[in-house]
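Step one of this worksheet: look at the structure below.
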Amino acid sequence: MTGVDERALYRDRAFLIAVLAAGFETHWAEPDPADPYAADYRLICLHTPAGQLTWHIHPDDAGLFPADLPTRPSDWDGHTTTEKQHRLAALARPGGVMAKRLISKDTQEAVTIAGPVLSDGRVLVQDGAGCIAVVNVADLAVVDGSSDDAGQDSRR
């Protein structure tokens, strides 16, 4: 690609990954000595309903992610780039895994995620009235987005 600033392209990509990471459990993975890029890049790991997603992130782009993002031992599931792309497609597909809705187990109200999952497992949610609350992810349940019954748990 003549005349293209490759570093700028990777920076642009990192912005998109940071936006995606804000909606899912995310952490930095400890470097794997067998990874040929480990010395030059950080590894970001997202856990999504479609499966794990990982990318190498240039150190100059690490500031795009929350400063309190934890670093954990690598839990890479062995996915290939092609598998990662299939998982991304599943997240984007209408009626796919992101068509699921969340409800509060306590109130049975539908809520939407209003911020990133924090390292302690809490997340900001917003209810239908626009009220914002901080809840533990464990206090949320996934329901089928196509159902009129928000209390219908799809995990049966």
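General observations
- Pair list, Cβ under 6 Å, 6 or more apart: the stretch 125-143 residue charged (D, E, K, R), other residue modelled with pLDDT of 80 or more: D127/E109; D127/V111; D139/K105
- Single match in A50, A14 (criterion: surrounded by 15 or more Cβ atoms within 10 Å (Cβ to Cβ), closer than 30 Å to N136 by Cβ and out of contact with any strand residue (DSSP E or B) (no Cβ under 9 Å at 6 or more places or on another chain)): A50
- For the stretch 8-51, filtered to residues that are small (G, A, S) and touching a Lys or Arg at 6+ places or on another chain (Cβ under 9 Å), the residue that is modelled with the highest pLDDT is A29.
- Test: residue in the stretch 19-30 that is touching a residue at least 12 places away in the same chain (Cβ under 8 Å) and assigned to a helix (DSSP H, G or I): yes
- Any hit, the stretch 104-112, residues being modelled with pLDDT under 95, under 23 Å from E30 (Cα atoms) and surrounded by 14 or more Cβ atoms within 10 Å (Cβ to Cβ): no
- Conditions (1) crowded, with 18+ Cβ neighbours inside 10 Å; (2) under 25 Å from R122 (Cβ atoms): number failed by D61: (2)
The values are calculated or read from the model by the stated rules, or taken from the named source; none is laboratory data. For clarity, every value in this text was computed on a predicted model and none was experimentally measured. Every residue, glycine among them, receives a Cβ derived from its backbone with ideal geometry; neighbour counts consider all protein chains shown.
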